[in-house]
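Colleague: Here it is, the structure, as structure tokens.
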Amino acid sequence: MPIPILIDCDPGHDDAIALLLAIASPEVDLLGVTTVGGNSGLANTTRNALQVLELAGRPDIAVAPGEAHPLSVPLLIQDHIHGASGLEGPDLPEPRTEALETHAVDFIVDKVAACDEPVTLIPTGPLTNIALLLRRHPGIAELLDRIVLMGGGMAESNVTPAAEFNIWADPQAADEVFSAGLDVTMVGLDVTHQALLGPDDIDRARGDSARVVAEFLDFFGHFHRDVYGLDASPIHDAVAVAHVIWPDLLEVDEFDVRIETESPLTRGRTVVDLNRVTGHEPNAIVALGIDGERFSRLLVERLYRLP
Ligand code: BDR
Ligand code: CA
């Protein structure tokens, strides 16, 4: 039986690749996609999700937009990384379908209630929609299997010296998700910075999806070359999906994780009690290590299965 999943995302090049990986993988059943303002504004992230589903030949998968703005801070989009549309680079197909009018939170509640199995939520953007879900429907926790989110880091950071973008973008939402008593796995920068893929790793002749992903990486790669000196890009969000598909891909352990919500210097920091000095019970499973070469190989193999 495939694992039922919902992806809450802000595509975004790596979100787009995460969606393609999920669609190409029989181990998971993508029940729907919800969108949030993050890498780009909500209208863009929603349209981008529809275009990716169209590209993959799965316009039947519904897209429900959620919140345009974080709970307690202004939205600061990442157009220096993802471009004006949030998904610059290749020409993408026009979506034949429209986004639902149902709000992401209501859509998740409906899908989770209708599913025979507990659902795994995979948030790959700011956690705004997920925090609202928990505020409005605290009982949803019993119907969820777990949350596997891309965000945070132990040592690594990107948007500030202290923080990773998804957590920094809505620290209040992240704090609410980490403190809700759910089964939360944090797939952070410490592992995603080892999960690299470059345009030359993909044979563009093996289908439209493979060509488009290579063109995504042509665009996305500029930022990672300029800032990190890398000749390939971390496919952050696809690592969270990959962990659900191949649980042994990541080395993980349980820790107490707190979110800094106030400090201007360290806002969005995921404070991981690695040495267990607080005496607090663990509230999250944290990704510690990854076989990055295996990740890239498996990801590319799956992309070749798509149209
Ligand atoms: C995360 O931030 C976004 O830019 C990416 O899509 C990813 O979800 C990495 O910090
Ligand atoms: Ca993302």
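The values are calculated or read from the model by the stated rules, or taken from the named source; none is laboratory data. For clarity, every value in this text was computed on a predicted model and none was experimentally measured. Positions of Cβ are generated from backbone atoms using ideal geometry, with glycine treated the same way; all protein chains shown enter the neighbour counts. Just so you know, the surface numbers come from the protein's heavy atoms only, side chains and all, with ligands and any DNA or RNA stripped out. Shrake-Rupley method; radii C 1.70, N 1.55, O 1.52, S 1.80 Å.
Colleague: Can residue 87 be described as part of a loop (DSSP other than H, G, I, E, B), more than 16 Å from ligand 1 (Cβ to nearest atom) and either touching a residue at least 24 places away in the same chain (Cβ under 8 Å) or not polar (S, T, N, Q) (or both)?
Modeller: Working: part of a loop (DSSP other than H, G, I, E, B): yes; more than 16 Å from ligand 1 (Cβ to nearest atom): no; either touching a residue at least 24 places away in the same chain (Cβ under 8 Å) or not polar (S, T, N, Q) (or both): yes.
So residue 87 does not fit the description; no.
Colleague: Right, another one. Would you mind telling me which numbered condition in (1) touching a residue at least 40 places away in the same chain (Cβ under 8 Å); (2) of a type outside the set (Ser, Thr, Tyr); (3) within 13 Å of ligand 2 (Cβ to nearest atom); (4) buried (at least 20 other Cβ atoms within 10 Å of the Cβ) residue 33 fails?
Modeller: All conditions are met except number (1).
Results for (1) of a type in the set (Asp, Glu); (2) open to solvent by 40 Å² or more (accessible area, probe 1.4 Å); (3) over 30 Å from residue 219 (Cα atoms), shown as yes or no for each residue.
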| site | (1), (2), (3) |
| --- | --- |
| 85 | no, no, no |
| 88 | yes, yes, no |
| 93 | no, yes, no |
| 104 | no, no, no |
| 119 | no, no, yes |
| 125 | no, no, no |
| 129 | no, no, no |
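Colleague: For region 139-197: of the residues being within 12 Å of ligand 1 (Cβ to nearest atom), of a type in the set (A, V, I, L, M, F, W, C) and in a loop (DSSP other than H, G, I, E, B), which is nearest to residue 291 (Cα to Cα)?
Modeller: The extreme case among them is 195.
Colleague: Can you name the residue in region 9-30 that is within 16 Å of ligand 2 (Cβ to nearest atom) and of a type in the set (Asp, Glu) and is also surrounded by the fewest Cβ atoms within 10 Å (Cβ to Cβ) among such residues?
Modeller: 14
Colleague: Can you tell me which residue is surrounded by the fewest Cβ atoms within 10 Å (Cβ to Cβ) among those in region 159-188 that are in contact with a helix residue (DSSP H, G or I) (Cβ under 9 Å, 6 or more places away or on another chain) and of a type in the set (Gly, Ala, Ser)?
Modeller: The qualifying residue surrounded by the fewest Cβ atoms within 10 Å (Cβ to Cβ) is 181.
Colleague: Something else now. From the set of residues in region 27-66 that are in a loop (DSSP other than H, G, I, E, B) and within 16 Å of ligand 1 (Cβ to nearest atom), which is nearest to residue 234 (Cα to Cα)?
Modeller: First, pick out the residues of region 27-66 that are in a loop (DSSP other than H, G, I, E, B): 27, 36-41, 56-62, 66.
Those still in the list that are within 16 Å of ligand 1 (Cβ to nearest atom) too: 36-41, 66.
Numbers: 36: 21, 37: 21, 38: 18, 39: 15, 40: 18, 41: 22, 66: 26 Å.
Out of the qualifying residues, it is 39.
For (1) over 29 Å from residue 107 (Cβ atoms); (2) surrounded by fewer than 20 Cβ atoms within 10 Å (Cβ to Cβ); (3) not aromatic (Phe, Trp, Tyr), each residue gets a yes or a no:
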residue: 141; (1), (2), (3): no, yes, yes
residue: 200; (1), (2), (3): yes, yes, yes
residue: 208; (1), (2), (3): no, yes, yes
residue: 214; (1), (2), (3): yes, no, yes
residue: 241; (1), (2), (3): no, no, yes
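Colleague: Here's something else I'd like to know. If we scan region 58-66, do we find a residue that is surrounded by fewer than 22 Cβ atoms within 10 Å (Cβ to Cβ), away from ligand 2 (no atom under 12 Å from the Cβ) and under 20 Å from residue 301 (Cβ atoms)? It would help to see each step written out before you state the result.
Modeller: Our first condition is that a residue be surrounded by fewer than 22 Cβ atoms within 10 Å (Cβ to Cβ); within region 58-66, this holds for 58-62.
This time we only want the ones that are away from ligand 2 (no atom under 12 Å from the Cβ), so: 58-62.
Keeping just the survivors that are under 20 Å from residue 301 (Cβ atoms) gives 58.
Yes, region 58-66 contains a residue that is surrounded by fewer than 22 Cβ atoms within 10 Å (Cβ to Cβ), away from ligand 2 (no atom under 12 Å from the Cβ) and under 20 Å from residue 301 (Cβ atoms).
Colleague: Restricting to region 181-198, name every residue that is away from ligand 2 (no atom under 16 Å from the Cβ), in contact with a strand residue (DSSP E or B) (Cβ under 9 Å, 6 or more places away or on another chain) and not polar (S, T, N, Q).
Modeller: If the condition is that a residue be away from ligand 2 (no atom under 16 Å from the Cβ), in contact with a strand residue (DSSP E or B) (Cβ under 9 Å, 6 or more places away or on another chain) and not polar (S, T, N, Q), then 182, 183, 184, 190, 196, 198 are the ones that fit.
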